[in-house]
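The values are calculated or read from the model by the stated rules, or taken from the named source; none is laboratory data. All values derive from a computational prediction rather than experimental measurement. Virtual Cβ from ideal backbone geometry, glycine too; neighbours counted across all protein chains shown. Quick note on the areas: whole protein, heavy atoms, side chains included, nothing else; ligands and nucleic acids left out. Shrake-Rupley method; radii C 1.70, N 1.55, O 1.52, S 1.80 Å.
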Amino acid sequence: MAFGTNDKVLTKELAKQIDLILFAHDNDGSKLVGILLDIQEVIPNHYIPTEVAYYLADKLDVKITTIYDCITFYSSISDKPRAKYPIQVCNSIVCKINHNDNLFETLKELLNIDLNETTYDGRFTLESVACFGGCDVAPAVRVNGKVYGHLTTKEKIADMLNELI
Amino acid sequence: MSKAVCFMTKNFGKYDVKSIGSYMAIGGFNALKKAVNMTGEEIASTLATAKIKGRGGAGYDMGKKWSQAKSVIADNKVVVCNADEGEPCTFKDRTLIEHDPFNLIEGMIIAGYTVDAQNGYIYLREEYSHLRPLILDAIKQAKTYGFLGENILGKGFNYNIHLYSGAGAYVCGEGTALVESIEGKSGRPRMKPPFIKQCGLYNLPTCVNNVESLSLVSSILLDDEKKYLTYGTEGSVGTKLVSVGGNVKNPGVFEIPFGVTVRDIVYGLAGGIVDDNEIKLIQFGGASGKIATKSILDTPYTYEDLRKDGVGVGSGAILVVDERTSVIDFLRTTQEFFSHESCGQCTPCREGNRHIKLLLKKVAESTHTTADLASMRKIAKIMAMSSLCGLGETAQSALVSAMKNFEEAFQIK
């Protein structure tokens, strides 16, 4: 067992879910990126806990360094707990010139958090990400895979948040 | 009058994207049926006649690519569809998959048949994860109908398509980084040679094509009247998908015949500028593309004319920025993007991006000196010459073109 794993997230149920995901990926270590993404989706806080990383290393016979190489390299995979609804605000050029600064500020105000922080109830995290191709509906956010666009006013932003919960 | 055409987008909205039956009802898989009665060389030469250039951005001759892939002697080969559309302001591949997924599958099967591959891989960026079910379902239905699997259409051709997901890394759009990622590793580009056409995914000869390139194949093969050749100009034949965004009234994806002017696209199709503002700059081909002043509006959108004016077609993105944004702010955002997306493997790209970012900050604060400008030019040149992959080579395209076209923005105060 690794150092610093106080998080007991790997319950029997989760292990079963992970095994199913591995089975769907033919227990093939070369499908690691897809496996990590799928696991991240079933974990409520959308991240890869240390325990899970070691569990995968064991199950797939892949070095733990390879697993962390992927986790740390790819922006869509996280080793830190996130909120139930991570709000990813596009910070690339098209959204920027369509005033995503207003979007950032309004979200901070409505959620009462800063960038990369989580609300007290663990529901929302505010993240800044690179272009996800929602340029035709800029400024846009992406939450758990779904894109919400044209977020130009406080009303529209509040509506988006209400739709999530 | 609209300047848009419907050649590769002709199926948009014409069938139920969830049903192979409805795709076949409008002539789907006829191109594949025709293809399996041709040789790989014939198919490649048909593409060469249509002078199709790869639509990912590099613009490599597609007929040549396929005939080279065909001529490689190996027991196993693979086809890869690059759906890692990461260039900011590029969303044409997303549109193609959303509206015509079976056409992409058909194009990939024809690619596999042409180059004698056994497997095809679609590498879809994580940001488009909402399209995964659509593609998986299309693959499944194609299998049920015998267009994938063993002995396809009774021609002894065995071929399967697999869907792989990216995980949010722009650099994975680069061919060798992409195959590293499919192999379950971090997406750091490989040293070249060997080139992936000889030794790529799982060390097999690999033929990588963009979504738009593959989506063109069926229409070209069925184009008996050579309608495609009537579009465009002599140097740039046919049509192209452009994705127009930024401060325009009607951002979106349009299929245009090569040769319409940039003005036709920006003011005609995209509806002009928000609040009728003046244009500050236009960037072509995504973040790695060059920028031009509004004097480019009357240039025809073709490979050769854009090159003459110092920009390029690239991914087909056209980003229009109005006067409310300064050139330096624009460059700093682009620089932020590359500093974030550089994989850090090779020194010129990793360190170059870092230094340019610092120097641009000085320019923004008007504390820069002549020596700083010279440093920027020098670093940009070193990056373009000695980076390991296309990311580092093109990261400073916007900056270099800005220093040429917007000299006043760099003036020392």
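Once you reduce the range A:11-75 and the range B:198-237 to the center of their Cα atoms, the two points are 37 Å from each other. Heavy-atom accessible surface of B:Lys77, to the nearest 10 Å², is about 10 Å², with a 1.4 Å probe and all protein chains retained. Per residue, the average separation of C-alpha pairs within less than 8 Å and at least 6 apart gives the range A:85-164 a relative contact order of 38 percent.
Heavy-atom accessible area, probed at 1.4 angstrom with all protein chains present, ranks B:Glu351, B:Glu225 as B:Glu225, B:Glu351, highest first. Rg/Rh for chain B: what does it come to with C-alpha atoms and Rh from Kirkwood? Radius of gyration over Kirkwood radius for chain B works out to 0.98. Residue by residue along B:329-335, Cβ atoms of other protein chains within 10 Å of the local Cβ number 3 on average. Pair-distance distribution of chain A: all C-alpha pairs, bin width 10 Å, starting at 0; shares per bin in whole percent are 10, 35, 29, 20, 6, 0. When nucleic acids and ligands are ignored and a 1.4 Å probe is applied, B:Ile328 ends up with an accessible area of around 20 Å². Between A:Thr153 and A:Asn112, the FRET efficiency from the beta-carbon distance, with R0 = 22 Å, is close to 0.70. Ranked by the mean number of other Cβ atoms within 10 Å per residue, highest first, peptides A:55-65, A:121-131 order as A:121-131, A:55-65. The phi-based Karplus calculation (6.51 cos²θ - 1.76 cosθ + 1.60; θ = phi - 60°) puts the 3J(HN,Hα) values of the range B:188-204 at 9, x, 8, 6, 10, x, x, 7, 5, 5, 9, 8, x, 5, 6, 6, 9 Hz, whole numbers, x for Gly and Pro. Each residue of the range B:116-130 is assigned a 3J(HN,Hα), and the resulting list reads 6, 8, 9, 9, x, 10, 9, 9, 9, 5, 4, 4, 9, 4, 5 Hz, derived from the Karplus form 6.51 cos²θ - 1.76 cosθ + 1.60 (θ = phi - 60°), x at Gly and Pro. Residues whose amide H lies under 5 Å from that of B:Ile122, counting only those 5 or more places away or on a different chain, are B:Cys81, B:His162, B:Leu163, B:Tyr164; hydrogens are built 1.01 Å from N in the peptide plane. Dividing the convex hull volume of the alpha carbon atoms of the protein assembly as shown by its residue count gives 162 Å³ per residue.
Both radii were evaluated on the Cα set of the range B:57-206; the Rg over Rh quotient, with Rh as the Kirkwood radius, amounts to 0.95. Computed from the C-beta positions of B:Asn30 and B:Lys226 and an R0 of 22 Å, the FRET efficiency is 0.80 to the nearest 0.05. Across the range A:79-93, coupling constants 3J(HN,Hα) worked out from phi with the 6.51/-1.76/1.60 Karplus curve, θ = phi - 60°, read 9, 10, x, 10, 7, 5, 10, x, 8, 9, 8, 5, 10, 8, 4 Hz, and Gly and Pro carry x.
Once the C-beta distance of A:Val42 and B:Thr370 is scaled by a Förster radius of 60 Å, the resulting FRET efficiency is 0.55 to the nearest 0.05.
Backbone amide hydrogens, once placed in the peptide plane, bring A:Phe124 within less than 5 Å of A:Lys84, A:Tyr85, A:Thr119, excluding anything fewer than 5 places away on its chain. Charge tally for B:Arg188 (other residues, Cβ to Cβ under 15 Å; Lys, Arg +1; Asp, Glu -1): -2. Our summary gives chain A a relative contact order of 18 percent, counting only alpha carbon pairs under 8 angstrom and 6 or more residues apart. Here chain B carries DSSP beta bridges of which approximately 50% are antiparallel, counting only pairs with both residues inside. Taken about its Cα centre, the protein assembly as shown carries a charge dipole of roughly 900 debye when the Cβ of each Lys and Arg holds +1 and the Cβ of each Asp and Glu holds -1.
The mean count of C-beta atoms from other chains within 10 Å of the C-beta of residues in B:377-383, rounded to a whole number, is 0. With a Cα cut-off of under 16 Å and a minimum spacing of 8 residues unless on different chains, the lysine pairs in the range B:250-405 number 13. In this structure, the amide hydrogen of B:Lys53, modeled 1.01 Å from its nitrogen in the peptide plane, lies closer than 5 angstrom to those of B:Met62, counting only residues at least 5 positions away or on a different chain.
For the segment B:340-349, counting C-beta atoms of other chains within 10 Å of every residue's C-beta and taking the mean gives 1. Cα centroid separation, the range A:78-114 to the range B:163-190: 26 Å.
Size descriptors for the range A:45-110: radius of gyration and Dmax over Cα atoms are 16.6, 47 Å. Relative contact order for chain B: 17 percent, from Cα pairs under 8 Å spaced at least 6 residues apart, divided by residue count.
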